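The values are calculated or read from the model by the stated rules, or taken from the named source; none is laboratory data. What you are looking at is a predicted structure, and each value in this text was computed from that prediction instead of being measured. Every residue, glycine among them, receives a Cβ derived from its backbone with ideal geometry; neighbour counts consider all protein chains shown.
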Amino acid sequence: MKKTEWPIRWDLLLRYRLIEIIALWEGRLTTNHICHGFGIGRQQASKDINTYLRELAPGNLEYDRHLKGYVPAENFQPVVTQGEAEEYFDLIRRNEVLSQTFETLDIGLPNSRILRLPRRLAEPTLARTVIAAIRQGRKLRAQYLSMDSADAEQCLLEPHTLICGLDRWYVRGWCHNSEQFRDFRLSRFRQPLTLLNERARHGHHLDEDWQQLVTLVFQPSQRFNHHQRDLIAHDYGMTDQRLELTTRAALAPHLLRQAGLGDATADTAELELISQTEAAAPPEATAQPRALAEA
């Protein structure tokens, strides 16, 4: 995309998104949210709110003199966000990550804690080599450790996508050793890792599991009583106690693990899988993320 084709300047877009997210999920927006979140003055923050209301979303916010802040109007409609709770949680996560480096950072979010197990991405030098292979479409000679052996496997790879799932990073690509597409956990690569000059020939367009769509249908686990199943259905936004998710075929195992339906956790999961069927037509070949049958 050319610079002139971008509809909103990036820094402004981030500020407009903050305006929308805070107003929708906290019910009150002030200039302090923008000032503290982006290190700008009150005058600029006020200008951002006015521009948002004038050019992007007229009538979306109303000023409440009693609350001394902007509140979402009754007919509020998201314009630069999707109006999903995950966007607010992402804002909390971003604030927490930044505050670990900048202790004085505070955009006025309520007290919150993000729980996560420590996960290693990889050494930066390793990650850079893998990412360069993906971006440049080149082959990669690598050493990889798996749970099956204490000895590193010597691999010749053609990586095409970097994937994040369950707080772990993977790289998806063609493995010349096994002559198939595989997923490799990025933190398990070891030096030496060599970026080759030879161009990759097995891109995502040849990855059948990446090209095929499947639809997964879930329902609340039948081990729960009727009241409990109703609660679970509401938690997941189900219709008639059914949740349908369409995804890449290669992402299906990953989604099942996220739903707690891995081999070790299926007996305690809130959901159960009713069916998994192929979609009528595969998606167009794109460079979107893929994966995760864990290597």
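What's the total number of residues in the stretch 129-149 that are touching a helix residue (DSSP H, G or I) at 6+ places or on another chain (Cβ under 8 Å) and either among the polar types (S, T, N, Q) or in a helix (DSSP H, G or I) (or both)?
So the answer is 2.
What's the number of the condition Gln143 fails, among (1) exposed (fewer than 15 other Cβ atoms within 10 Å of the Cβ); (2) at pLDDT 90 or above; (3) over 20 Å from Leu206 (Cα atoms)?
Of everything listed in (1) exposed (fewer than 15 other Cβ atoms within 10 Å of the Cβ); (2) at pLDDT 90 or above; (3) over 20 Å from Leu206 (Cα atoms), Gln143 misses just condition (1).
Within the stretch 22-69, track down each residue that is of a type in the set (A, V, I, L, M, F, W, C) and in contact with a Pro (Cβ under 9 Å, 6 or more places away or on another chain).
Within the stretch 22-69, Ala23, Leu24, Leu29, Ala57, Leu61 qualify.
Look at Ala127 and say whether it is of a type in the set (A, V, I, L, M) and touching a Leu at 6+ places or on another chain (Cβ under 8 Å). Outline the logic, then answer.
Values: of a type in the set (A, V, I, L, M): yes; touching a Leu at 6+ places or on another chain (Cβ under 8 Å): yes.
Yes, satisfied.
So which of Glu158, Glu208 is under 16 Å from Ile131 (Cα atoms) and charged (D, E, K, R)? Spell out how you get there, then give the answer.
Numbers: Glu208 fails: under 16 Å from Ile131 (Cα atoms).
Testing whether each residue is under 16 Å from Ile131 (Cα atoms) and charged (D, E, K, R) leaves just Glu158.
Taking helices (runs of 4 or more DSSP H) that do not extend beyond the stretch 1-109, which have at least 1 residues that are under 25 Å from Tyr236 (Cα atoms) and modelled with pLDDT of 95 or more?
Values: elements: 10-26, 31-38, 42-51, 85-101.
The qualifying helices (runs of 4 or more DSSP H) are 10-26.
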